[in-house]
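Sharing a structure with you now.
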Amino acid sequence: MGFASSWLDKRALFPEFIKEKPAAGTAIIVVVPAFNEPSLSSLFDSLLNCHSPHCSSEVIVVVNAPPDASSDYNAVNQACMADISVWKDRNRNSFFSIHTISPDTSSFSEWGVGLARKTGMDEAIRRFDAIDEREGVIACLDADCRVREDYFLSLYEDFYRRKERKACSVYFEHPLSGSEFAEEVYRYIASYELHLRYFVRALAFTGYPFAFHTVGSSMGVKAQQYIRAGGMNRRQAGEDFYFIQKLIPAGGFFKLCSTTV
């Protein structure tokens with residue numbers, strides 16, 4: 001029995017999805033929930049452009065939808081899974097492996113992003129449990145994220161290898177220009193990001209000891225700490241905020257600023 005076996009028996013929503021045992025030395029698993037995302041190729045390309053860390057790494061994609069999702073959404077999810085298979089075939093020499101899981105959500109009337117994240121993060125715990133890697137890093141991204149080329153190296157050097165560090169908020173930036181969106185969208189996201197940064201700075205100014213960003217697409221936690229915090233919650237929104245609020249006061253929470261999401 002592994003370090004997380006008992007916890008998984010009691011708290012996991014689903015039985016094991018991935019039958020293939022993780023590679024020896026796996027220390028980083030990135031979890032990505034995907035709903036109504038026709039393609040993740042840009043995210044995978046971004047990850048592939050990263051420097052390889054001194055460990056084995058995995059990506060778990062949770063292709064999911066609420067039980068009442070329309071046939072259109074389900075069709076997009078099927079296209080997403082097909083796109084992932086094509087990308088994997090074209091990039092067989094990738095330094096990270098990709099696993100796609102698609103949970104049956106029919107018995108969950110309030111399915112949302114919290115349950116999707118939990119499904120992927122619990123599966124990551126199973127992977128680390130299989131190789132007894134209590135310090136393994138679970139990193140969270142979203143389907144529309146891109147990362148700087150030192151993303152995996154930073155997770156390995158500045159997080160995994162630092163035993164006193166248990167969980168983190170990864171530095172993030174939104175794109176502020178380009179041709180993908182209308183000009184007003186870039187203005188609005190700039191205002192939103194300034195709001196996020198002002199709020200955290202204001203908390204720090206008051207002397208509040210837990211002044212950290214709580215963004216689900218740029219957070220990370222070690223396997224043992226994930227279990228101690230009770231795992232990801234089931235909220236349909238704000239799941240990242242409430243999860244991180246449990247991680248911070250437990251100690252070992254820090255700002256990972258040596259890379260960017």
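Starting from region 175-261, pick out the GluC sites (Glu not before Pro) whose DSSP state is loop and whose Cβ has at most 11 other Cβ atoms within 10 Å. Intermediate values should be presented prior to the final figure.
On the way: sites: E180, E183, E184, E193, E239; in loops: E180.
Answer by residue number: E180.
Turning to a different aspect of this structure: Give the aspartates and glutamates reachable from K163 as a straight Cα distance under 12 Å; neighbours fewer than 8 places away on the same chain don't count.
Correct list for K163: E135.
In whole Hz and in residue order, list the ³J(HN,Hα) couplings for region 9-14 that follow from phi through the Karplus curve 6.51 cos²θ - 1.76 cosθ + 1.60, θ = phi - 60°; x for Gly and Pro.
4, 8, 10, 6, 7, 10
In angstroms, what radius of gyration and Dmax does region 67-217 have, counting Cα atoms only?
18.7, 52
Rounded to a whole number, what % of the accessible area of the chain do carbon and sulfur atoms account for, probe 1.4 Å? Kindly include the intermediate steps, with their values, before the conclusion.
Details: 6350 of 12850 Å².
Of all accessible area on the chain, carbon and sulfur atoms account for 49 percent.
Give the Cα extents of region 14-94 along the principal axes, in whole Å, largest first.
Cα extents, longest axis first: 43, 29, 17 Å.
Something else now. Which of the DSSP-defined H helices in the chain satisfy a minimum axial length of 20 Å, computed from C-alpha atoms, and a minimum mean Kyte-Doolittle hydropathy of -1.0?
71-90, 113-130, 183-205
Also, I was wondering about something else. State the answer as a single residue: which of H54, W87, A69 lies farthest towards the positive end of the charge dipole of region 41-99, with beta carbon charges of +1 for Lys and Arg and -1 for Asp and Glu, about the Cα centre.
H54
Counting each DSSP H run of 4 or more residues in the chain as -39500 (n - 2.57), what helix-only mean residue ellipticity at 222 nm follows after dividing by all residues, to the nearest 500 deg cm²/dmol?
On the way: 8 runs with 96 residues, N = 261.
After summing the helix terms and dividing by residue count, I get -11500 deg cm²/dmol.
Give me the accessible area per residue for region 165-261, probe 1.4 Å, as a whole number in Å².
Values: 5400 Å² over 97 residues.
Heavy-atom accessible area per residue stands at 56 Å².
Which of the pairs K118/K222; K88/K222; K21/K246 have their Cα atoms more than 19 Å apart in this structure?
Working: K118/K222 14 Å; K88/K222 27 Å; K21/K246 30 Å.
Going by Cα-Cα distance, K88/K222; K21/K246 fall outside the 19 Å limit.
At 10 °C and 1.306 mPa s, what whole-number value in µm²/s does Stokes-Einstein give for the translational diffusion of the chain, with Rh from the Kirkwood sum over Cα pairs?
Details: Rh = 18.9 Å.
So the translational diffusion coefficient is about 84 µm²/s.
Only Lys, Arg, Asp and Glu count, each charged at its Cβ (+1, +1, -1, -1), so figure out the dipole size of the chain about its Cα centre, rounded to 20 debye.
Details: 28 positive and 32 negative charges, 213 e Å.
My answer is approximately 1020 debye.
Work from the charge dipole of the chain (Cβ charges, +1 for Lys and Arg, -1 for Asp and Glu, about the Cα centre) and give the residue of Q225, F181, F243 farthest towards its positive end.
Of the listed residues, the answer is Q225.
How much length is gained if the chain between S106 and A82 is pulled fully straight, taking 0.36 nm per residue apart and subtracting their Cα-Cα distance, in nm to one decimal?
Details: separation 24, 0.36 × 24 = 8.64 nm, distance 2.21 nm.
Net length gain for the segment: 6.4 nm.
Can you pull out the GluC sites (Glu not before Pro) in region 90-152 that DSSP calls coil and that have at most 12 other Cβ atoms within 10 Å?
Details: sites: E110, E123, E133, E135, E149; in loops: E110, E133, E135, E149.
Here the sparse-neighbourhood loop sites are E110.
Could you order the peptides 68-74, 11-17, 41-47 from most to least packed, using the average number of other C-beta atoms within 10 Å per residue? Can you show the working numbers first?
Details: 68-74: 11.1, 11-17: 14.0, 41-47: 17.9.
Ranking, from highest mean packing down: 41-47, 11-17, 68-74.
Something else now. Taking every pair of Cα atoms in region 59-105, average 1/r, invert it to obtain the Kirkwood radius, and report Rg/Rh to two decimals.
Rounded to two decimals, Rg/Rh equals 1.04.
Any chance you could run the full-extension gain for A24 through A211? It's 0.36 nm times the residue separation minus the Cα-Cα distance, nm to one decimal. Don't skip to the end; give the middle numbers.
On the way: separation 187, 0.36 × 187 = 67.32 nm, distance 3.65 nm.
Taking 0.36 nm per residue and subtracting the Cα distance, the gain is 63.7 nm.
The values are calculated or read from the model by the stated rules, or taken from the named source; none is laboratory data. If you're wondering where the values come from, they're calculated on a predicted model, not measured in any experiment. Every residue, glycine among them, receives a Cβ derived from its backbone with ideal geometry; neighbour counts consider all protein chains shown. SASA here: full protein model, heavy atoms, side chains in, ligands and nucleic acids out. Shrake-Rupley method; radii C 1.70, N 1.55, O 1.52, S 1.80 Å.
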